[in-house]
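The values are calculated or read from the model by the stated rules, or taken from the named source; none is laboratory data. Quantities reported herein were computed from a predicted structural model and do not represent experimental measurements. Here the Cβ positions follow ideal geometry from the backbone for every residue, glycine too, while neighbour counts run over all protein chains shown.
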Amino acid sequence: MTAALRVLAPGLLTTIQDLGRPGYQSRGIPVSGALDRVGLHAANVLVGNPPETGALEVAYVGPTLAVDADEVRLSFAGANAAIEIFPDEMASAGQRIETMRSVRMRRGEVVRIGSLTSGATLYVGVEGGFAIAPVLGSVSTYLRGGIGGLHGRALAQGDLLPLRRNTASDRQDRRFESLDLTPPDSFRAIAGPQNDYFSDAAIETFFNSEYRIGANADRTGMRLEGPRLEHSRSFTSDGIAPGSIQVPGSGEPIVLLADRQTIGGYPKIATVISADLPALGRMPIGAKIRFATVTMEEAAAARRKLIADIEGLVSKTVPIERSEGEFISKLFDCNLIGGVVDASVGAMERPKLR
């Protein structure tokens, strides 16, 4: 029997993402990959995976998954969410766990991820990764192109996510002792590359105004609601970098994200620096954001710091004590009716109810 996670409910938009497929933009294929690369790295760190391993990217409301494997270790990193683990599909009561940790689950157990409460994205890592063939070197799902991930689409009810491992390793589960994912007060951006296609007044308006993320934001881009920006002249198509902020004829800026098109004809007033893109990827619809201009040197320094922070994620984790990490499974083994506990569980092993 193939080890898998079975999708009982898919969530609002759950896709498989890794670090993307660079090198194919000249052929019209976007890089794609995780909106929040820090969250993806954190999820992989918690289960001991290499950083490029694919994970589930959950948007706004998460899936419900059943374990069709002897054991599996999952991790949850990113936005806070209501996460419950149930002993089986029929159970009405489960055990609540926090995010930013890993947990080992047994065959038949079910994890339900509810609404995200502190951001737009959550990453679910799985020890060993998914047994899915990469497309052009990546398992990232590109929805508009229908490639990568599971059949090139978001998860659907009844899907089976094949796993590379049928059992979890004996390593201790871990959690982050301190990892601040709070968004910055302002997202740093470099003016241009076509800032000369806007008046000085339009540029000043952009960098001194507050914008709201519109309801049609997706993995391609965020349309911002706020002061409209006017072009000073027309422009022809050129390549698009991650974080480019293009301004169409409507005057509403659009920040282009992981699934952005490879070329575009609207002038770009500024570009969000790479160090701030993970935090931008966490921002939910309706959030208010501002932008601050920085130099190329400041952007390069921020990128070096981000890389160092990602490389240091392991040092921010601490082991979860066995009694705490195994609490859920032991609880499911117990008969709690009338306060009776399974006699096969030794006195020293009995879980302490919290």
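General remarks:
- Residues in region 199-257 that are surrounded by 12 or more Cβ atoms within 10 Å (Cβ to Cβ), farther than 23 Å from L13 by Cβ and of a type in the set (K, R): R228 only.
- Tally, over region 303-319, of residues that are within 21 Å of L256 (Cβ to Cβ) and surrounded by 16 or more Cβ atoms within 10 Å (Cβ to Cβ): 1
- Scanning region 191-220 for residues that are in a strand (DSSP E or B), at pLDDT 95 or above and out of contact with any Pro (no Cβ under 8 Å at 6 or more places or on another chain) returns a single hit, R212.
- Checked against the criterion of being surrounded by fewer than 23 Cβ atoms within 10 Å (Cβ to Cβ) and either of a type in the set (D, E, K, R) or touching a Gly at 6+ places or on another chain (Cβ under 9 Å) (or both), the candidates V45, V58, V31 yield just one match: V31.
- Residue within region 273-288 that is within 20 Å of Y197 (Cβ to Cβ) and surrounded by fewer than 22 Cβ atoms within 10 Å (Cβ to Cβ) present: no
- Subset of region 271-291 [in contact with a helix residue (DSSP H, G or I) (Cβ under 7 Å, 6 or more places away or on another chain) and within 17 Å of F206 (Cβ to Cβ)]: V272, I273, F291
- Some residue of region 24-34 being among the β-branched types (V, I, T) and either touching a Pro at 6+ places or on another chain (Cβ under 6 Å) or closer than 20 Å to A308 by Cβ (or both): yes
- Restricting attention to region 82-134, the residues that are assigned to a loop (DSSP other than H, G, I, E, B), in contact (Cβ under 8 Å) with a residue 12 or more places away in the chain and more than 20 Å from E57 (Cα to Cα) add up to 8.
- Of all the residues in region 39-54, those that are part of a helix (DSSP H, G or I) and more than 22 Å from L13 (Cβ to Cβ) number 3.
- Filter pass, D18 being within 13 Å of the chain's Cα centre (by Cα), under 19 Å from K316 (Cβ atoms) and acidic (D, E): no
- Any hit, region 227-236, residues being on the phi > 0 side of the Ramachandran plot and in contact (Cβ under 8 Å) with a residue 24 or more places away in the chain: no
- Unmet requirement for E57, which otherwise passes all of (1) assigned to a loop (DSSP other than H, G, I, E, B); (2) of a type in the set (D, E); (3) farther than 15 Å from E127 by Cα: (1)
- Screening the candidates S102, S92, S118 for the property of being over 19 Å from the mean Cα position of the chain (by Cα) and hydroxyl-bearing (S, T, Y) yields one hit, S92.
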